[in-house]
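The values are calculated or read from the model by the stated rules, or taken from the named source; none is laboratory data. Predicted model only: the values in this text are computed from it and were never measured. For neighbour counting, all protein chains shown are included, and Cβ atoms are generated from backbone atoms with ideal geometry for every residue, glycine included.
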Amino acid sequence: MSEFFTASCDGDLLRLQWVPEAHITYQTAVRAARVLEGLSGGRTLPLLVNLAGVAGLTPEARAGMNAYRGFSAVALIGDGAMGKVVAAFSQRALTPTAYFTDESEALTWLCEQGGRASIPREARQTER
């Protein structure tokens, strides 16, 4: 799919996994958004993003991510300083966005975002 990320659609849940040591640029973020749009089949779905190991994010990529409105809600999962930086900037996002260090908590939060596409039970129970 990409040398920088993998993306998938699990029922009504989009997933984005950045590769370790990725430096996310605006162009890479746009490419990821386009892949996710294709996977969604025109539906506005929640997105689970794994930022573990991301090494950098350009200001342009941050601004683009915060302005994008193609998802019903976004849960960010991180494990280090870069995840916290992304989470801090995501407070300005137009889409409900929250940061987690635990995938099951992130999936629970996505489920609680009422009025949005449901998360498949299998996805909620998945632990990595």
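Some observations on this one:
- Here R124 does not qualify as basic (K, R), modelled with pLDDT of 75 or more and out of contact with any strand residue (DSSP E or B) (no Cβ under 8 Å at 6 or more places or on another chain).
- Count of region 13-36 residues which are of a type outside the set (A, V, I, L, M) and crowded, with 17+ Cβ neighbours inside 10 Å: 4
- Count of region 1-32 residues which are over 25 Å from Q113 (Cα atoms), touching a helix residue (DSSP H, G or I) at 6+ places or on another chain (Cβ under 6 Å) and either of a type in the set (F, W, Y) or not in a loop (DSSP other than H, G, I, E, B) (or both): 4
- Enumerated helices (runs of 4 or more DSSP H) restricted to region 50-113, each holding at least 2 residues that are closer than 18 Å to A7 by Cβ, among the small types (G, A, S) and out of contact with any Leu (no Cβ under 8 Å at 6 or more places or on another chain): 59-67
- For region 33-45, the set of residues classified as touching a helix residue (DSSP H, G or I) at 6+ places or on another chain (Cβ under 9 Å) and more than 13 Å from G11 (Cα to Cα) consists of A33 only.
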